[in-house]
1. Among Val244, Ala314, Pro164, which residue has its Cα positioned farthest towards the positive end of the charge dipole of the chain, with +1 placed on the Cβ of Lys and Arg, -1 on the Cβ of Asp and Glu, and the dipole taken about the Cα centre?
2. If Lys and Arg each add +1 and Asp and Glu each add -1, what is the summed charge of the other residues whose beta carbon sits under 9 Å from the beta carbon of Ile47?
3. Quick one: which residues, 5 or more positions from Gly328 or on another chain, have an amide H under 5 Å from its amide H? H modelled 1.01 Å from N in the peptide plane, none for Pro or chain starts.
4. Under a 1.4 angstrom probe, counting protein chains only, how are Lys121, Lys221 ranked by accessible area, largest first?
5. When the accessible area of region 61-195 is split by element with a 1.4 Å probe, what percent falls to carbon and sulfur?
6. Take each complete run of DSSP H in the chain, measure how far its Cα atoms stretch along the helix's own axis, and keep only those covering 18 Å or more with mean Kyte-Doolittle hydropathy at least 0.5; list them.
7. What is the distance, in nm, between label points placed 7 Å from the Cα along the Cα-to-Cβ direction at Ile222 and at Phe30?
8. Looking at the chain from every direction and averaging, what is the projected area of its Cα convex hull in nm²?
Amino acid sequence: MFNSRNLFATLLIAACACSASAQGQKGTEFPGIGRAATPKEVAAWDIDVRPDFKGLPPGKGSVAQGQDIWEARCASCHGVFGESNTVFNPLVGGTTKDDVKTGRVATLTRTDYPGRTTLMKVPTVSTLWDYIHRAMPWDKPKSLKPDEVYAVTAFLLNLGHIVPDDFTLSNQNIAEVQDKMPNRKGMSTAHAMWPGKELGGTTKPDALGSACMNNCGPEPKIASRLPEHARNNHGNLREQQRTVGPQRGSDTTKPEGALGAAAGPVKVVGPAGGAASPNAAAIALTQKHACTACHNVEGKLVGPSFVDIGKKHAGKADYLAGKIKAGGVGVWGEIPMPPQELPDADAKAIAAWLAAGAGK
């Protein structure tokens with residue numbers, strides 16, 4: 001037998017259930033599953049910029065402004081002049097003034113040219129803008145404001161001699177810059193991989209075929225591979241000088257490893273004893289500031305382990321705090337560490353933990 005309190009609670013639960021059900025069904029083709037995204041949620045996700053510049057936010061940035069941002073946020077990985085370092089391939093190089101006029105990069109057809117840079121390959125300036133906006137800097141993607149993205153894009157284009165030193169890139173003139181991209185005529189949209197028909201796309205695929213549905217033969221295995229005895233026939237690619245930036249080659253004196261074998265497995269660990277551990281706060285900071293994207297507590301990942309850093313720089317808390325903030329390269333090999341933007345107090349806390357041995 002229900003009393004009045006139970007009756008009220010039952011009606012309230014029923015009302016909430018009906019409301020949630022109605023909300024879940026509203027605006028979705030999957031009734032009862034989830035809910036429709038709000039306009040703000042869609043806007044936060046829908047940030048792509050198309051080749052016709054749909055999605056490009058208003059803003060502007062000069063080459064000079066871009067140089068300052070580049071040197072502070074980008075140069076540690078991509079080099080002061082876009083030549084990159086021994087880890088990342090160069091962004092700039094391999095294009096000429098004639099390429100800007102013709103829209104086709106001549107060096108792309110040269111079999112003797114030692115490498116391919118981003119500006120040699122990318123046909124659309126919107127691709128540069130979009131990628132910088134959504135994925136850069138490496139350690140803090142999406143942290144650049146639209147004006148900063150315009151400025152960095154302008155500086156990169158200036159390094160490729162596509163825009164002059166005093167140029168300011170904006171949403172108003174970016175279409176004019178597109179007409180100067182060195183490889184703007186090197187892209188085809190007349191294939192089914194291009195979505196939609198509005199930019200020359202087609203639904204007709206490049207290749208036609210039909211999937212085998214019965215009595216099929218064994219699945220073919222791709223076996224094309226350079227024999228180990230021929231791997232070092234032309235000398236160690238790692239040590240050879242390239243003409244476009246310090247592009248790295250494989251160490252051909254060693255057997256080819258699996259893709260990504262240079263880095264170890266990710267081993268994110270929590271503090272021993274949970275929140276009661278005296279190291280819990282520092283470990284939490286390494287996860288909060290994404291240090292664990294490149295560093296394991298033990299064992300190499302992209303960078304050295306926290307424990308190895310602690311052994312090498314035991315007792316040097318001030319030094320480590322400075323390195324965290326400034327970044328650097330060369331102490332642990334060729335992979336650079338970008339400057340980290342985090343509060344000084346957090347940098348000091350992480351540094352103190354490292355200097356004390358990076359305990360769990």
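The values are calculated or read from the model by the stated rules, or taken from the named source; none is laboratory data. The model shown is predicted, which means the values in this text are computed figures rather than measured ones. Cβ atoms come from the backbone with ideal geometry, glycine included; neighbour counts cover every protein chain shown. These accessible areas exclude ligands, DNA and RNA; they are computed on the full protein's heavy atoms, side chains included. Shrake-Rupley method; radii C 1.70, N 1.55, O 1.52, S 1.80 Å.
1. Working it through, the farthest residue towards the positive pole turns out to be Ala314.
2. Taking every Cβ under 9 Å from that of Ile47, the sum is -1.
3. Long-range HN contacts for Gly328: Met337.
4. Order by accessible area, largest first: Lys221, Lys121.
5. Values: 3540 of 6470 Å².
Solvent-exposed carbon and sulfur of region 61-195 make up 55 percent of the total.
6. Flagged H segments are 4-25, 146-159.
7. Each label point lies 7 Å from its Cα, and together they span 3.1 nm.
8. For the Cα atoms of the chain, the hull's average projected area reads 30.6 nm².
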